[in-house]
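Quick notes on the structure that follows.
The values are calculated or read from the model by the stated rules, or taken from the named source; none is laboratory data. In this text the structure is predicted, and so the values were computed from the model without any measurement. Here the Cβ positions follow ideal geometry from the backbone for every residue, glycine too, while neighbour counts run over all protein chains shown. Side chains included, ligands, DNA and RNA excluded: accessible areas come from the protein's heavy atoms. Shrake-Rupley method; radii C 1.70, N 1.55, O 1.52, S 1.80 Å.
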Number of protein chains: 2
Amino acid sequence: MYTIGDVAKATNLPTKTVRYYADIGLVIPSGRSTNGYRLYSGKEINKLIFTRRARSFGFSVQECRELLGLYEDKDRSSRDVKAIALHRIAEIEEKLLELRSLHQELTHLADSCNGDNRPDCPIISGMSG
Amino acid sequence: MYTIGDVAKATNLPTKTVRYYADIGLVIPSGRSTNGYRLYSGKEINKLIFTRRARSFGFSVQECRELLGLYEDKDRSSRDVKAIALHRIAEIEEKLLELRSLHQELTHLADSCNGDNRPDCPIISGMSG
DNA sequence: CCTTGACCTTCCAGTTACTGGAAGCATTAC
DNA sequence: GTAATGCTTCCAGTAACTGGAAGGTCAAGG
């Protein structure tokens, strides 16, 4: 069992956010210590890491709730879980393409900066005419 | 020159957001029509597409302002631009790793859903013990 | 024993980045 | 000529934090 500070370190989330996620019922600590401290298990830590990643790619808290729910809802059929997961995977693949595009744009910019004079913006001036 | 609706289509941003970015001075339309409509050129459209991508990967509006500024600030040295760009590129590469990780986790989950009975969560139960 | 510092708690206000809706003017389509 | 669509401003609301105050807890040092 870990206190919120340990959890923050392990998940790379601010304590404020971990507390917030507990408040809104997204990731609830498995218990409280006698002095009222939130106590988290490895399971919650994994949920929080998963949530941090999903959030950082634009999935809303509500969508994170759904994704986390995929693993917990014993009543949901295997087929449903797969359908939702595949839908999200498609979204993630699109995000991967966009992220590579962003990467390439910035790399191109950085590459253009070898000398002392900088060319026009390769992205913006590219189409501006 | 494009009106805000055309811009919304081209950039895949809501008109509300395009207007908001104009209000906060992030991407300012190149002019106004006689009837007061915002008019955008291809250059602004490219800025908006760039911004949408950067925003969707967690760069703040302020950071987008800085990134867009890299291309416009004639006073900034080539060296500075390169340094900032490389810093952002490192961040993006980290995001790429995380996004692949998320992709893999969900793929693993989807793959586990071939039959009718679903296994325990491969991510969450993995470490929970 | 006491205090210093680093934890933790709740609560409440503020921020960022939109987002929805009302009221109204402009243009196109029938 | 009027209905639909698209634009305008303005203002209020929401999502997801984020900062700060006020205070309890606990291990270490004097």
Computed accessible area, B:H87, all protein chains, 1.4 angstrom probe, square angstrom: 100 Å²
In Hz, Karplus ³J(HN,Hα) per residue of segment B:49-65 (6.51, -1.76, 1.60; θ = phi - 60°; x = Gly, Pro): 5, 4, 4, 4, 4, 4, 4, 5, 10, x, 6, 6, 4, 4, 5, 4, 4
Calculated label separations, A:R32, copies of the chain, 7 Å along the beta-carbon direction, nm: 5.6
Other copies of B:H108: label-to-label distances in nm, shortest first, labels 7 Å along the beta-carbon direction: 3.6
Charge tally in the Cβ shell below 14 Å around A:L99, where Lys, Arg are +1 and Asp, Glu are -1, A:L99 excluded: 0
Over segment A:1-57, relative contact order from alpha-carbon pairs under 8 Å, at least 6 apart, %: 38 percent
Heavy atoms of A:S101: accessible area, 1.4 Å probe, square angstrom to 10: 30 Å²
Residue of chain A nearest the A-to-B rotation axis [by Cβ], rounded angstrom distance: A:L99, 3
Shortest-first nm distances, B:P14 label point to equivalent points in other copies (7 Å, Cα→Cβ): 2.5
More than 16 angstrom apart: percent of Cα pairs within segment B:1-70: 39 percent
With all protein chains modelled, accessible area of B:Y71 [1.4 Å, Å²]: 10 Å²
For B:L39, distant residues with modelled amide H under 5 Å away: B:S30, B:G31, B:R32, B:S33
